[in-house]
Amino acid sequence: MRARMALYLSQIEVELREVSLRNKPQPMIEISPKGTVPVLLLDDGSVIDESLEIINWCIKRNPSLFKDRLNKDQELFTEDIIKIFDKEFKFHLDRYKYSSRYEDVDETSHRNACISILKNLDKEIKNTSYFFSNNPHKIDLCILPFIRQFRIANPNWFDSHGEIPRIQKWLSSFLESYLLKEVMVSYEVWEKNKPVTIFPISQ
């Protein structure tokens, strides 16, 4: 989702190949042996197989990707928060949402660790549709998908939690946004010799 949002906002068209991670196609393994998604194969043959790196590539290709600029402090804050979410938050999220996949995991303690991170972040959110303004920025693309997954684990508990009101409002705005609707499109699993699928479908 993170990579798709960046490509969409950058107005970069790509050939999209939806895959099943239970049955990874050989062409995917050949260009990215680690076998994870997303994978972006560029025209020059180079490969980017991390969502954050794809986002950074999109920003480099299109410096005006985001409609309004951030100041230096906001940019530094963005990078710090993304690191926390990519490492700490995701670690706890996986063990909360998929606790049955791990041995000796206390689901509640990992849920509480996620909430602790969200409570600290809640204090920083502006009274706008997105984190810094009414337009999305890198921090929105990188973090909201994780928070969305956290809510999915127990929507009623998340929605009724009283200590993260700005997080709840921020996520709610994202869930109703044009951006999510444009990128969360279902595609058939790719098969060789089938017609090419172009993403985004619309701009």
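The values are calculated or read from the model by the stated rules, or taken from the named source; none is laboratory data. Everything quoted here is computed from the prediction, not taken from an experiment. Note that we place each Cβ from the backbone using ideal geometry, even for glycine, and neighbour counts take in every protein chain shown. Remember, those area values only see protein heavy atoms, side chains included, never the ligands or the DNA or RNA. Shrake-Rupley method; radii C 1.70, N 1.55, O 1.52, S 1.80 Å.
Among rounded, prolate and oblate, which fits the chain when a ≥ b ≥ c are the square roots of the eigenvalues of its C-alpha gyration tensor, a/c under 1.5 means rounded, and a/b larger than b/c means prolate? Intermediate results must be reported in sequence, preceding the final value.
Numbers: a/c = 1.84, a/b = 1.27, b/c = 1.44.
Oblate is the answer for the chain, as a/c is 1.5 or above yet b/c matches or exceeds a/b.
With every protein chain left in place and a probe of 1.4 Å, what is the accessible surface of S129, to the nearest 10 Å²?
Here the residue's solvent-accessible area equals roughly 50 Å².
Taking the Cα centre of the chain as the origin, how large is its charge dipole in debye, to the nearest 20, when only Lys and Arg (+1) and Asp and Glu (-1) carry charge on their Cβ atoms?
280 debye
At 1.4 Å probe size, put V105, V189 in order of accessible surface, largest to smallest.
V189, V105
So what is the calculated 222 nm ellipticity per residue for the chain, using -39500 (n - 2.57) for each DSSP H run with n of 4 or more, over all residues, to the nearest 500 deg cm²/dmol?
When only DSSP H runs of four or more count, the value is -15000 deg cm²/dmol.
Residue by residue, what Karplus-based ³J(HN,Hα) values in Hz, rounded to whole numbers, does the range 163-174 have, using 6.51, -1.76 and 1.60 with θ = phi - 60° and x for Gly and Pro?
With coefficients 6.51, -1.76 and 1.60, one gets 9, 10, x, 6, 4, 4, 5, 4, 5, 4, 4, 5 Hz.
Taking the chain as a Gaussian network, where each spring joins two C-alpha atoms under 10 Å apart, which residue of I167, I117, I55 fluctuates the most?
Most flexible of the set in this elastic network: I117.
Calculate one ³J(HN,Hα) per residue across the range 109-124 by plugging θ = phi - 60° into the Karplus curve 6.51 cos²θ - 1.76 cosθ + 1.60, and present them in order as whole Hz with x for glycine and proline.
5, 6, 4, 5, 5, 5, 4, 4, 5, 5, 4, 5, 6, 4, 5, 9
Find the centroid of the Cα atoms in the range 141-157 and in the range 182-203, then give the distance between the two in whole Å.
Result: 25 Å between the Cα centres.
What accessible surface, in Å², does a 1.4 Å probe find on R148, ignoring ligands, DNA and RNA and rounding to the nearest 10?
50 Å²
For D43, D80, write out the residues from largest to smallest accessible area, computed with a 1.4 angstrom probe and no ligands counted.
Heavy-atom accessible area, descending, gives D43, D80.
Can you tell me the dipole magnitude for the range 1-43 around its Cα centre, using point charges on the Cβ only (Lys, Arg +1; Asp, Glu -1), in Debye to the nearest 20?
Value, rounded to 20: 300 debye.
Any idea what the dipole of the range 1-117 comes to, in debye rounded to 20, about its Cα centre with Lys/Arg Cβ at +1 and Asp/Glu Cβ at -1? Each step should come with its number before you reach the end.
On the way: 18 positive and 21 negative charges, 47 e Å.
The dipole of the range 1-117 has a size of about 220 debye.
With everything on Cα atoms, drop me the angle between helix 72-84 and the longest principal axis of the chain, reported from 0 to 90° to the nearest 10.
80 degrees
Given a 1.4 Å probe and heavy atoms of the protein chains only, how would you sort E176, E182, largest accessible area at the top? Mind dumping the intermediate values first?
Working: E176 135, E182 60 Å².
So, going from the largest accessible area down, we get E176, E182.
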